[in-house]
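Report on one structure; see the data block that follows.
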Amino acid sequence: MPWTRGRTSFPGADPTKQTMKRHNFPWALAALLSACAASCSVPGAGAGRGSLALRADTLEHNGWDRDCDLIHVSLDLVLDFEGRRVHGTVTNWIRALREDTQQVRLHAVGLEVREVLDAAGHVLAFRLEDPWLTIELAEPLAVGEEESLRIRYVARPERGMHFREASKHAQGFAPQIWTQGQREQNRHWLPTWDYPSDRATVDAKLRVGFEMTALSNGELLGVDVHDLGERTFRWRTAQSIPTYLIAVAAGRWERYADEWQGLPLEYYVAPGTGEERARRAFGETPAMMAFFTELLDEPYPYAKYAQVAVTDFRSAGMENASLTIVHDRLIGDAEEIADLDGDPRLLVAHELAHQWFGNHVTCFGWSHLWLNEAWASYLEILYEGHVAGEGRAALWLERYREWYQIRPDADVPVVLDWRTQSAGDRANHLYTKGPWILHMIRARLGDEAFWRATRAYLDRHAGGLVTTGDFVRTVFDETGVNLEGFVEQWVEGGGFPRLEVSFEAAAGDVLELDVRQVQETSELVPLFEIPLELDLYYVDGTVARHRVRLDGEQETLRLPLHDAELANVVIDPAGVLLCAIDLDKPLAMWMHQSTLQSAPAMQWRALPRLRELAEREDRARVAILRLATEGPEELLRERASTLADFDDPRAVDVLMRLATSDPAPRVRRAAVHTLIQHSARSQFEPGGDEYEALLTRVGIEPSPAVRSEIQELLELEP
């Protein structure tokens, strides 16, 4: 699916994933970025259930009845840039699924269909009623009988296919034509079956002018040269693909390439981009290909893998089969790329992972789209962990957990069915809750069983369509673990457990914990049955792990205590449960938790509580500043820098040092953002000692004009 990770107003966490234009003076840039981050807002939920009557017709979510099986799609098209149109023919080869098939429906919206012919050349009657092109066959088809439908048409698409005249790095006229098929947008330029529930092989002849190169799915068979500088590019896929993944991208590209075990890896960018920028965006692709193929034990399924950066792409990226299209905001200088909050690595890994999950194995309908997106989101995080360490992966999971939990529509299930059809928006959940669902399954099965079942799932359903039940059945067949109850809670149900926990020592050798599930339950949000782990830390350095199972609204747990003094109680210490925990414990325990460098997710979870206590406890402020300067992970230092917005001269000094010397751009950006909040409270005024110290640390003396710009950005009078 078009990749748009959820975001909050963390510094640099921009839902649109846009990059601001850089200024010569770094503080001006940082202030602009921070202002942009602060202005981001989370969209509200979709329409509520209201009085809308439920209906048991699930076709809208789970696909339509097919009149036939689509076998092959052949495009022979002219991409007319000047006319902002596409015209030519598309031939759909079909196989009848029922006796006496007399008509066939394909998807077509806004198309001007000139003629439809069958294989024998008969002119066929048809009618257009959005979203259908209904074709009357010359002779009825028997089950299994094949036919071809050659459709001559013209389209001036307002959706699905887009025309652009300029690009980010090109000077002057730089034409581009690109498509975006998901969801159900290919029908605006291509008459065919346009829903995930069918697959076909594809060939394409694409004629373009203006010295453009036309890219599409599969391998390039050849290029035909015509008069007036026009050329036809011929492409073909050997494997069947879902038709929403048919794609075109035409432009005056610069092409750069790598090879991985004989597989061509291609990177297409706008003229003027240069190889350095192109490789900065896409250069990790060979390493990602090696990581995914080894992890999944499944070869990459297509003849090539190309990535192309286009102008004004509506999403972050789209995983078309063998041809991923991304926004050109992914292309930039080192400092611009550093501002992309995890991209390009996360985005490039996400779309590559889709070539297995989504393309090679495809959801039967949009209701099961989480099977595509959860895997791509989880694998992007696992690759990040492979490169930067498991601590980094754990913190990205923590960010995804928080992005999901703060949304007003978090109670909407991941899978929509006839009961939940009007419950609200769940698009964000696919990327944030989805990977957590897989992470919890992995924790339940163990690594060996989890990956064995995953590989079996890919192998069993390669080139096919899947539902959630197919994944559940594969796990059961391979491991004996029945995930039906888990899926009912976490996929078909909505929300997440909110735990309120308090504890006290009882009789000296027993710790008594009171655990309550306080989420508001409904027909969508259940009381959860969940495994829960707790670590008890003692002052002598020992740690005791306890495992319990919760299945009620309130439970009292009695855990044996060692002879040594208790130093801390940590719930979900491995970070494997998608929950919110309100744990009532002393400041000393939160400070202890903030020192657990082997468990950065637990340090992450300690920070918000330390910030609450920082209003009255100096030790809490010191703990936050220590994590900001000494945290082993840049995501952790970024979060601590964001939370160091309390009134304390030490905070200003630490933030100035971080803003000018931390090696991670995200930390420097967060420190500047927090300094701006300090400035708003008149603690950091231009002309003051702290302000001048900041400029000294930057190492330059800005001109009066730049100094004035900084003051204006900080909303202060010169």
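Quick note: the coordinates plus some simple rules give every number you see, no bench work behind them. Here the structure is a predicted model, which means the values were calculated and not measured. With ideal geometry, Cβ positions are generated from the backbone for all residues, glycine too; neighbour counts draw on all protein chains shown.
The table for this structure:
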item: Over the range 497-577: Rg over Rh, Cα atoms, Kirkwood Rh; result: 1.02
item: Two-site label geometry, R455 and S315: point separation in nm, points 7 Å out along Cα→Cβ; result: 3.0
item: Length added when fully stretched, R516-S661, from 0.36 nm per residue minus Cα-Cα; result: 47.7 nm
item: Equivalent ellipsoid, the range 114-216 (semi-axes from 5 times Cα gyration tensor eigenvalues, Å); result: 33, 15, 14
item: Inverse mean reciprocal Cα-Cα distance (Kirkwood Rh) of the range 302-432, Å; result: 15.9
item: Theoretical FRET efficiency, 1/(1+(r/R0)^6), r = Cβ-Cβ of Q597 and W132, R0 56 Å, to 0.05; result: 0.40
item: Per-q log10 I(q)/I(0), the range 253-355, q = 0.11, 0.13, 0.16, 0.20 Å⁻¹ (Debye; single scatterer per alpha-carbon; no solvent); result: -0.29, -0.41, -0.63, -1.00
item: Relative packing of 667-679, 621-633, 126-138, which averages over residues the other C-beta atoms within 10 Å, highest first; result: 667-679, 621-633, 126-138
item: Scattering curve values for the range 428-476, log₁₀ I(q)/I(0), Debye with Cα scatterers, q = 0.13 Å⁻¹; result: -0.32
item: Loop-located GluC sites (Glu not before Pro) in the range 569-623, at most 16 other Cβ atoms within 10 Å (DSSP); result: E615, E617
item: Whole-Hz ³J(HN,Hα) from phi, Karplus 6.51 cos²θ - 1.76 cosθ + 1.60, for the range 133-147, glycine and proline x; result: 10, 9, 10, 8, 7, 5, 9, x, 9, 7, 4, x, 6, 10, 8
item: Projected label distance in nm at A287 and A588, using a 7 Å step from Cα toward the beta-carbon; result: 4.4
item: For the range 605-616, Karplus couplings with θ = phi - 60° (6.51, -1.76, 1.60), whole Hz, Gly/Pro x; result: 6, 6, 4, x, 5, 4, 5, 4, 6, 5, 5, 10
item: Between the range 235-251 and the range 565-626, the Cα center-to-center distance that results, in Å; result: 50
item: Cα-based reach from K168 at 14 Å (exclusive), listing aspartates and glutamates while leaving out same-chain residues under 8 positions away; result: E254, D312, D328, D333, E336
item: Largest-first ellipsoid semi-axes for the range 361-498, taking √(5λ) over the Cα gyration tensor eigenvalues, angstrom; result: 22, 20, 14
item: Per-residue HN-Hα couplings for the range 357-369 [Karplus 6.51, -1.76, 1.60; θ = phi - 60°; Hz; x = Gly/Pro]; result: 9, x, 9, 5, 10, 10, 4, 5, x, 4, 4, 9, 4
item: Packing rank of 586-593, 478-485, where each peptide gets the mean count of other beta carbons within 10 Å, highest leading; result: 586-593, 478-485
